[in-house]
Amino acid sequence: MSNLKYQHIIKKMTLEQKASLMSGKDFWQTQDILSLGIPSIFLADGPHGIRKQAVSSSQMGFNQGIPATCFPTEATVANSWNIELSEAVGSYLGKEAVSQNVHVLLGPGINMKRSPLCGRNFEYFSEDPYLAGKLAASYIRGVQTHGISACVKHYCAKNQEERSMSLNTIVDERALREIYLTAFEIAVKEGKTKAIMSSYNKLNGEYTNENLHIMVNILRDEWEYDGCVITDWGGSSDRVKGIKAGNELEMPSSGGETDRQIIDAIKSNELAEEQLDECVDRVLDLVLKTSQIGKTPSMPFDVAKHHRISQKMAEESIVLLKNKDDILPIKYNKKVAVIGDFAKEARYQGSGSSQVNPTILENTLECFAESGITSIGYAQGFLRNGKTQKKLVKTACELAQKADVVLLYLGLDELSEVQGLDRKDMRLPSNQIELLNTLYKVNENIVVCLSSGSAIEMPWIIKVKGLLHGYLSGQAGARALLRIISGDVNPSGKLAETYPYRYEDTPTYNHFPGKEASVEYRESVYIGYRYYDTANVNVLFPFGFGLSYTSYEYSDLKVNSEGVTFKITNTGSVPGMEIAQLYIHCQSKAIFRPYKELKGFKKVFINPGETKEITISFDDKSFRYFDIENNSWEVEESSYDILIGSSSQDIKLTDSLFITGTSKQQTYTNHSLKHYQSGQIQNVPSHEFEQLLGYPLPSPLWDRNRPLDYNDSIAQCIYAKGLVIRISFRFFQLIMWLLERTGQRKAYNFLKVSVYNMPFRALSLLTGGKISFQTVDGILLIANGHFFKGIGTILKKKQKGRNDV
Ligand code: BGC
């Protein structure tokens, strides 16, 4: 007990009190013990704005939050590649959190964009762990300057939304380390995050919050993390195992249900009290340090100023993807037709737990007057819900005919990018494409302004001259976009993810989403550009790509063992910001690896005619790879190409450097990994993946022969033994089918996310214990064919909860 920071408090605590600190008091607050001077702290989403529910904190769900600035989502911020700005946004977020008495801000989300279809990609930074990690670390530093805590999430390997609460992610150790953990490593070591949220899924068979390998060996022992680990809401499965893995805070409240499990485990010697004390100590550290901010009177924030920062972030994040005949910026004397529903009602954030209630919300039509561009009118053009309405197309064409330029606002709607669901394809709704095709027949000067939080296919791109991607640019995004269209701002965003031509080209095409029980990451380290580059697959827009209204020339590369310096000259006529990227290619073929990987970047402002010298230093990640035989990071002895690019494919300067390796390099000596050597990983056979993985693949299907249990999802009732449950489930499916058929997407999504894909345990864990574990036991008995026993269990006298003790 001597290493505990709060030994003086812990020694006064009863076992019950200790156990009670291990889970929330309600949906958003930690448990207080006022007699010992331990207050509650408040946790709120995150990541791109504060979502503190206006209603009671005992309530679950995605209720309307108190107004807060809706900054651009992380997928958007990532396009800025601007570490300083990301830190500033983090700091403004922190300020707002303080003003709302929020002590832990649940963000940033730094999961990798393994597939463009993951429904929550809009909440994540990138397909590249280095970029995501650096942005996350700066965001965390910004948030934490206010004395509160960020909470980086979701640790880890959660890259699919559907069934994520019970899904088993199967990934080899090298990909885990190099791709899925590196951003977290940077967030811990450089961002010094005080809290981490474990993810819902299993990792190689064990729930992440119980997984000793990632929780203890890596997080605590290797990275020396001494902060707090919090479960994702309802994500705890075996509470005692969670405590053993150092996952100290279960959220939300289980109404005391899990306290009892912890107490029983201590009493039966299954869990050592010292281990519980360590967890208590870390919770106390988070609570006692961050709760200080609640003591200062609520500090209001400057709404207008925060709105402007949100606009600035959006301006740096919007990406110019095409500019044929220099159609942009639009000259003041041009007559512009504004078409598209998104111009009137901006699409600016995604749906789910991150949804912010904005303080101000601008749309294009309102901001148009001050842009200086001459509008000749607006036409809706299409229905947001995807249905075709010929009349709208006709009116839009009539307007377009009279214009010099058509500004066409297209994108995905709010119901397409949602927590809990993945997209089915990478397409824009067909009614929008039909509109574009028809408009093209009457006016070829089309500039598309796109809103979506993830990559989409663009077979229609040939029909547009200009293409600006706004991503989901927050409450001030509409104005930011107009300032780029008018030329008041020179675009400087670059893509933080690749845009393939077709969904079929993506590395995970055959393995996303996973099957019923698991998802196999057969592509290993080859995600995003790492795959396209290595396997020579042509893409529409490469990682790191973005145009500008000016041009840049790169020169004078000098490389030494410390890093690189080079020069960039702005050779155009307007000031601009260029994002220079450092990639490294290993010349040796002994150990398979992606053709090149991002190892540094810098964003610089340069005036026309000016030259700036850029320095990018190498760091501990520049040449390393994870050696699975030695279970350690190693450096392969080889010459490395040092590539400086303005995108991952537009390499401007090249040199090479010999690096002396570390002594232990043995990876894969006994294996023949043909697909991984070539990078052609779309069809890796099971036996080759198993060699890489080091264990036999479990069946990807649900086991229909065993009884249903706490961690099985409601969807599995389809094969429940109990007739009553099976029939009820069929009826439920019928309702879902009807909703889908009749286009009631919102209601359908709701049922799919909050019932169909929910595990049984969530019935209790997401109702704050209002449905007790005993009731869940009863339901499971009925589902497993023991109807009367189940009813008996449900009706039995309820055991006492935390507050009844
Ligand atoms: C999400 C988290 C979020 C939490 C609280 C969960 O469902 O996965 O990202 O922070 O809810 O709203």
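For segment 233-260, how many residues are within 16 Å of the ligand (Cβ to nearest atom) and either surrounded by fewer than 24 Cβ atoms within 10 Å (Cβ to Cβ) or free of Cβ contacts under 8 Å to residues at least 60 places away in the same chain (or both)?
Residues in segment 233-260 being within 16 Å of the ligand (Cβ to nearest atom) and either surrounded by fewer than 24 Cβ atoms within 10 Å (Cβ to Cβ) or free of Cβ contacts under 8 Å to residues at least 60 places away in the same chain (or both): 4 in total.
Please pick out the residue among Ser646, Ser632 that is more than 26 Å from Thr498 (Cβ to Cβ) and polar (S, T, N, Q).
Ser632
Only one of Ala157, Ala183, Ala150, Ala175 is on the phi < 0 side of the Ramachandran plot and within 15 Å of the ligand (Cβ to nearest atom); which?
Ala150
Of the residues that sit in segment 7-38 and are crowded, with 18+ Cβ neighbours inside 10 Å and part of a loop (DSSP other than H, G, I, E, B), which one is farthest from the ligand (Cβ to nearest atom)?
Top of the filtered list is Met13.
Results for (1) more than 21 Å from Ile218 (Cβ to Cβ); (2) in contact with a Ser or Thr (Cβ under 9 Å, 6 or more places away or on another chain), shown as yes or no for each residue.
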site: Phe592; (1), (2): yes, yes
site: Asn607; (1), (2): yes, no
site: Asp619; (1), (2): no, no
site: Phe623; (1), (2): no, yes
site: Glu629; (1), (2): no, yes
site: Glu634; (1), (2): no, yes
site: Ser647; (1), (2): yes, no
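Please work out which residue is nearest to the ligand (Cβ to nearest atom), limiting yourself to segment 91-126 and to residues that are hydroxyl-bearing (Ser, Thr, Tyr) and modelled with pLDDT of 95 or more.
Ranking the candidates gives Tyr124 first.
Given the conditions (1) without any contact (Cβ under 8 Å) to a residue 24 or more places away in the chain; (2) within 16 Å of the ligand (Cβ to nearest atom), and given that Asn201 satisfies all but one, which numbered condition is not satisfied?
(1)
Run down Val447, Val442, Val405 and say which single residue is more than 16 Å from the ligand (Cβ to nearest atom) and touching a Cys at 6+ places or on another chain (Cβ under 6 Å). Working first, answer last.
On the way: Val447 fails: touching a Cys at 6+ places or on another chain (Cβ under 6 Å); Val405 fails: touching a Cys at 6+ places or on another chain (Cβ under 6 Å).
Going through Val447, Val442, Val405 in turn, the sole match is Val442.
Among the residues of segment 215-231, are any open to solvent by less than 40 Å² (accessible area, probe 1.4 Å) and either within 16 Å of Asp26 (Cα to Cα) or assigned by TED's automatic domain parsing to the domain that holds Gly768 (or both)?
Yes: segment 215-231 contains one or more residues that are open to solvent by less than 40 Å² (accessible area, probe 1.4 Å) and either within 16 Å of Asp26 (Cα to Cα) or assigned by TED's automatic domain parsing to the domain that holds Gly768 (or both).
Go through the residues of segment 789-796 one by one and say whether even a single one is modelled with pLDDT under 90 and open to solvent by 90 Å² or more (accessible area, probe 1.4 Å).
Scanning segment 789-796 turns up at least one residue that is modelled with pLDDT under 90 and open to solvent by 90 Å² or more (accessible area, probe 1.4 Å).
Quick check on my filter: what residues within segment 769-788 are in a loop (DSSP other than H, G, I, E, B) and open to solvent by 40 Å² or more (accessible area, probe 1.4 Å)?
Lys770, Ile771, Gly785, His786
With a cut-off of at least 2 residues that are more than 22 Å from the chain's Cα centre (by Cα), name the strands (runs of 3 or more DSSP E) lying wholly within segment 461-580.
In segment 461-580, the matching strands (runs of 3 or more DSSP E) lie at 466-469, 539-541, 552-560, 563-570.
Going through segment 408-436 one residue at a time, which ones are within 16 Å of the ligand (Cβ to nearest atom) and either without any contact (Cβ under 8 Å) to a residue 12 or more places away in the chain or of a type in the set (A, V, I, L, M, F, W, C) (or both)?
Hits for segment 408-436 are Val418, Leu421.
Which number in (1) of a type outside the set (D, E, K, R); (2) at negative phi; (3) in contact (Cβ under 8 Å) with a residue 60 or more places away in the chain marks the one condition that Ala97 misses?
Here Ala97 clears every test but (3).
Restricting to segment 431-459, what's the tally of residues that are open to solvent by 10 Å² or more (accessible area, probe 1.4 Å) and under 29 Å from the mean Cα position of the chain (by Cα)?
4
With respect to Glu613, is the statement that it is in contact with a Lys or Arg (Cβ under 9 Å, 6 or more places away or on another chain) and open to solvent by 70 Å² or more (accessible area, probe 1.4 Å) true? If you could, list the steps in order and put the result at the bottom.
Numbers: in contact with a Lys or Arg (Cβ under 9 Å, 6 or more places away or on another chain): yes; open to solvent by 70 Å² or more (accessible area, probe 1.4 Å): yes.
Against the criterion (in contact with a Lys or Arg (Cβ under 9 Å, 6 or more places away or on another chain) and open to solvent by 70 Å² or more (accessible area, probe 1.4 Å)), Glu613 qualifies.
Pick from Ala88, Ala78: which is more than 16 Å from the ligand (Cβ to nearest atom) and either at positive phi or buried (at least 24 other Cβ atoms within 10 Å of the Cβ) (or both)?
Every option except Ala78 fails the conditions.
The values are calculated or read from the model by the stated rules, or taken from the named source; none is laboratory data. Predicted, not measured: the structure shown is a model, and the values here were computed from it. FYI the Cβ positions are ideal-geometry reconstructions off the backbone, even for glycines, and counts take in every protein chain you see. Surface accessibility is based on the protein's heavy atoms, side chains included, excluding ligands, DNA and RNA. Shrake-Rupley method; radii C 1.70, N 1.55, O 1.52, S 1.80 Å.
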